[in-house]
Amino acid sequence: MTQKTAPKTAIVWFRRDIRLSDNPALHAACKDGYNIIPLYILDDENPPKDEKLGGAHRVWLHHSLKSLDNDLSNHLVLQKGDAKKIIPDLVKKTNADAVFWNRCYEPWRIDRDKEIKSNLKDNDIHVETFNGSLLWEPWHIKNQSGAFYKVFTPFYRKGCLQADPPREPLDKPTKISFGNTKDIGVSLDDFALLPDKEGEWHEHLISQWDTGESGAQKRLKDFLDDGLNGYKDGRNHPSWNNVSRLSPYLNFGEISPNQAWYAAQERGTAEGWEKDRDHFLSELGWREFSYNLLYHFPKLKWDNMQEKFNDFPWNDQDNDQLENWRRGRTGYPIVDAGMRQLYETGYMHNRVRMIVGSFLVKNMLTHWHKGEEWFWDTLVDGDPASNTASWQWIAGCGADAAPYFRIFNPILQSKKFDEKGEYIRRFVPELKEVPDEHIHAPWEAPQGILEMAGITLGDTYPQPMMDHSDARDKAMEAYQVIKKVA
Ligand code: FAD
């Protein structure tokens, strides 16, 4: 008689992959017949201070974990603390034979995970790691001389598009057999992810999103039905419906880039929307490019990629101007609309991110770190690679950055991309009654028009923080300092 062996147990460690479908680690553990202990660790001990999760991240994470637990029939084990200690302890406690996870690419996580992996292996625990959040691994995309790409177009066209195509998405496991998950975790409330104060802020913010894997799939479907067609041009207009708003879902891994890539490819091809399809795919390529930069330049969050910018005379102190920028009180309506959209919804349209970013680093001559920090704290899609790489791009110091002297004119940008002021009126309601032709620069409107619109500059709406052309001249003067260094 053959003796039946008891099924083995595997911990599947969820990280930035909060989903069941197209989850390579979960898929492999189920396929290999393990009983699964699904685990999430809130590790605030290993990240450096300025890489701990921001406020908006925490709010989203709370809701995301709730829905993951629901999808896992309440088997999700939550632990809080140092993952380097928690994982081996849990392995012992559960008699686990294996640990599976999908890789992350932040430098601190790479260091931590390497250590965990090698300790587990030393103790004869089987460890498997997978790519669950990028289309191409950053170490696979190299130029002909074997170095990493520093410019987007060759990275994407020569590196990515000529490499093997991304992995096709995996289905949800048909069945998950769970190990004993009773009484080995803490409660979601113990994570204390929601702020005690400012209840209205986080409740209002999250009410505008449908978090979790099902919310992500619904967002993707809505975008494919009503957004992808016309994406190439429409994506520039902040009040239009052409962007996917998938970024927070990608950030938490509630959807994988592979799922978005193949769904857009299939739909765009079937409908004959090739231009829009290709443009959307190339934006996913920008996300890959950011990870490529972070992986090969791990100090991306702190150090200017172009060293000559180390001498740039940026202001790096907190002051009233900075606080007015954060709170959407600069007096430039498109900037204020963007900053208020950010605070109210945890998201900002890409075109407007570029405008407010340029305004901070060039009009206000404030260090890009200050913008990066505020975005990190308030964005629900705050991404360690894309946020930092984009701020370096805006500031002019990134690898493939916009030249420093490309200074966005917030009035012209507003007229061009929010022609009728619809976006401004949504987020700066006090300007609702200002006619279209004056809404982009209300200080230039005749007094009678402002009175009719109920606006008193300096009282009901701020005076502009500075004159744009003066600011431009000052920025160019400051640039001379490093031009001499170059
Ligand atoms: P879509 O236009 O629908 O694009 C689809 C996906 O492609 C996005 O979800 C995103 O994953 C990726 N993508 C699009 N544009 C970019 C880009 N320029 N760089 C990298 N990936 C891109 N994106 C983040 O995901 N997290 C951030 O923290 C972040 N910070 C930024 C800060 C600044 C100053 C700027 C200028 C841009 C930043 N971006 C960031 C990039 C971009 O603004 C957002 O990815 C985009 O607005 C997300 O909206 P969406 O999902 O509707 O985009």
Note to self: To test your reading of the geometry: what angle, between 0 and 90 degrees and rounded to tens, separates the Cα axis of helix 257-271 from the longest principal axis of the chain?
What the structure shows: 70
Item checked: Spatially proximal aspartates and glutamates relative to LYS93 (Cα-Cα < 14 Å; intrachain offsets below 8 disregarded) -> ASP183
Next item on the list: Under 10 Å from the Cβ of ASN387, count the other residues' Cβ atoms, weight Lys and Arg +1, Asp and Glu -1, and hand me the total.
Entry: -2
Next item on the list: Would you mind getting the Kirkwood hydrodynamic radius of region 122-175 from its Cα pairs, rounded to one decimal in Å?
Entry: 13.8
Next item on the list: Calculate, axis by axis, the spread of Cα positions in region 90-132 along the three principal axes, and write the results as whole Å, longest axis first.
Entry: 29, 19, 15
Check: In terms of the Cα gyration tensor, with a ≥ b ≥ c the square roots of its eigenvalues, is region 330-418 rounded because a/c is under 1.5, prolate because a/b exceeds b/c, or oblate?
Finding: oblate
Checklist line | Whole-Å semi-axes of the chain's equivalent ellipsoid (Cα gyration tensor) | finding: 42, 24, 23
Next item on the list: For ALA270, put the label point 7 Å out on the Cα→Cβ axis and report which residues of region 206-220 keep their amide N under 15 Å from it.
Entry: 220
Check: Helix 333-345 sits at what angle to the longest principal axis of the chain, using alpha carbons and giving 0 to 90 degrees rounded to 10?
Finding: 20
Next item on the list: Could you work out how far helix 83-94 tilts from the main Cα principal axis of the chain, as a 0 to 90 degree angle to the nearest 10?
Entry: 30
Next item on the list: Classify region 22-77 as rounded, prolate or oblate, taking a ≥ b ≥ c as the square roots of the eigenvalues of its Cα gyration tensor: rounded when a/c is under 1.5, otherwise prolate if a/b is larger than b/c and oblate if not.
Entry: prolate
Note to self: Normalised radius of gyration for region 378-477, please: alpha carbon Rg relative to 2.2 N^0.38 Å, two decimal places.
What the structure shows: 1.32
Checklist line | Rounded, prolate or oblate (a/c below 1.5 giving rounded, otherwise prolate when a/b exceeds b/c) for region 212-318 by Cα gyration tensor | finding: prolate
Check: For ILE86, what is the net charge nearby, where nearby means another residue's Cβ is under 9 Å from its Cβ and Lys, Arg count +1, Asp, Glu -1?
Finding: 0
Margin query: How much of the pair distance distribution for region 212-273 lies past 12 Å, counting alpha-carbon pairs only, in percent?
Written below: 66
Checklist line | For region 417-486 and region 46-120, distance of Cα centres in Å | finding: 45
Check: Which peptide among 148-161, 236-249 comes first, and what is the full order, when sorted by highest mean count of other Cβ atoms within 10 Å?
Finding: 236-249, 148-161
Check: Around LEU170, what is the net charge, scoring Lys/Arg as +1 and Asp/Glu as -1 over all other residues with Cβ under 11 Å from its Cβ?
Finding: +1
Check: If you find the alpha carbon centre of region 288-321 and of region 390-414, how far apart are they in angstrom?
Finding: 13
Next item on the list: Quick one: which residues, 5+ away or cross-chain, put their amide H under 5 Å from the amide H of TYR461? H built at 1.01 Å from N.
Entry: THR456
Checklist line | region 271-354: Cα Rg divided by the 2.2 N^0.38 Å rule of thumb | finding: 1.47
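Read-outs throughout are calculated quantities, based only on the coordinates presented, and are distinct from any laboratory measurement. Since the model is a prediction, treat every value here as computed from it, not as a measurement. Every residue, glycine as well, gets a Cβ built from its backbone with ideal geometry; the counts of neighbours run over all protein chains shown.
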